[in-house]
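These notes are about the structure you will find just below.
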Amino acid sequence: MKRAHLISLLAIAVLTIAACGGDIQPGNTLPPPGTKIQAATAEAFISQEPFLYEAVATINARTASTVSAKLMGTVQTMHVQEGDTVHKDDLLVTIDPRTVVAQLDQAKAGLREAQRALASAVSAQEAAAAAEELASATARRYEQLLKDNSVSRQEFDEVASRRRQAKATLAQTEAMVEAARSRV
C-alpha cells in the first residue's frame, strides 16, 4: 500500500513537471490556428473639426461703462438684464414718474414764488424811486427857501434827512430787485 501511494505521488510529480515546462507566459496563450478573433476596430482619419479645450476663467470687458440716471426715482420696470448688449438711446429702465412730477410741481411753485417776489421788489423799487424824486425836489426847494431865510435850519435838516433816507431806500430796493432776478 505504501508502494501504491509512492507510485501515485511519483506520477503526479512527473505530470506536474511536464505541465510547467515551455516558453508560454500565463494569460498569453495563442488560440489554435484557424480560429477567428473578435475585436472592436476603428478607422483612423484626419478631421477638420476644431480642437476644444475647456477651462475655467474670468472674462473682463475691454471697456466698461457706468450707467446712471439723470433723475432720481424709484425704478418701475427693468427693460434689460445684466450682460445684455445695449446701444445709445436704448430704454434701460422706467422710473416711477410720481417722484419726478412732484419735483417738477415743486420747482414750478418755486418759480412762481420767485416771480411774485420779483414783481413785489420792482413795485417797491418804483415806489422808492418816486419817494426819492419827491424828496430831492423838496430838498431843492428848501435849499432856496433856506437861502431866502424863509425856513429854519431845523426844517431844512429834516427835509435833507428824508432825501438821504429816500436814496438809501431806493438803493435797498434796487438790490432786492437784483436778488429776485437772480432767483427767477
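Any read-out appearing in this document is the output of simple, stated calculations on the displayed coordinates, not a laboratory observation. All values derive from a computational prediction rather than experimental measurement. Glycine gets a Cβ as well: all are built from the backbone with ideal geometry, and neighbour counts include every protein chain shown.
Electrostatic tally near Lys147: other residues with Cβ closer than 14 Å to its Cβ, Lys and Arg +1, Asp and Glu -1, net 0.
Please state the equivalent ellipsoid semi-axes for the chain: what are the square roots of 5 times the Cα gyration tensor eigenvalues, largest first, in whole Å? List each step's numbers first, then the result.
Numbers: eigenvalues 3148, 91, 51 Å².
Sorted largest first and rounded, they come to 125, 21, 16 Å.
Taking Ala55, Ala39, Ala107 in turn, the Gaussian network model of the chain (Cα-Cα springs below 10 Å) assigns the largest fluctuation to Ala39.
Taking all pairs of distinct Cα atoms, average 1/r, flip it, and tell me the Kirkwood hydrodynamic radius of segment 97-183 in Å to one decimal place.
Numbers: mean 1/r = 0.0646 Å⁻¹.
With all distinct Cα pairs of segment 97-183 included, I get 15.5 Å.
With helices defined as uninterrupted DSSP H runs, which ones in the chain have an alpha carbon span along their own long axis of at least 15 Å and mean Kyte-Doolittle hydropathy of at least 0.5? Helix filter hits for the chain: 2-20.
If the segment from Ser161 to Ala129 were pulled out straight at 0.36 nm per residue, it would be longer than the present Cα-Cα gap by 9.9 nm.
Between Thr58 and Ala102, what length comes free when the chain is fully extended (0.36 nm per residue of separation minus the Cα-Cα distance, one decimal in nm)? Kindly include the intermediate steps, with their values, before the conclusion.
Values: separation 44, 0.36 × 44 = 15.84 nm, distance 4.44 nm.
Contour length minus Cα-Cα distance gives 11.4 nm.
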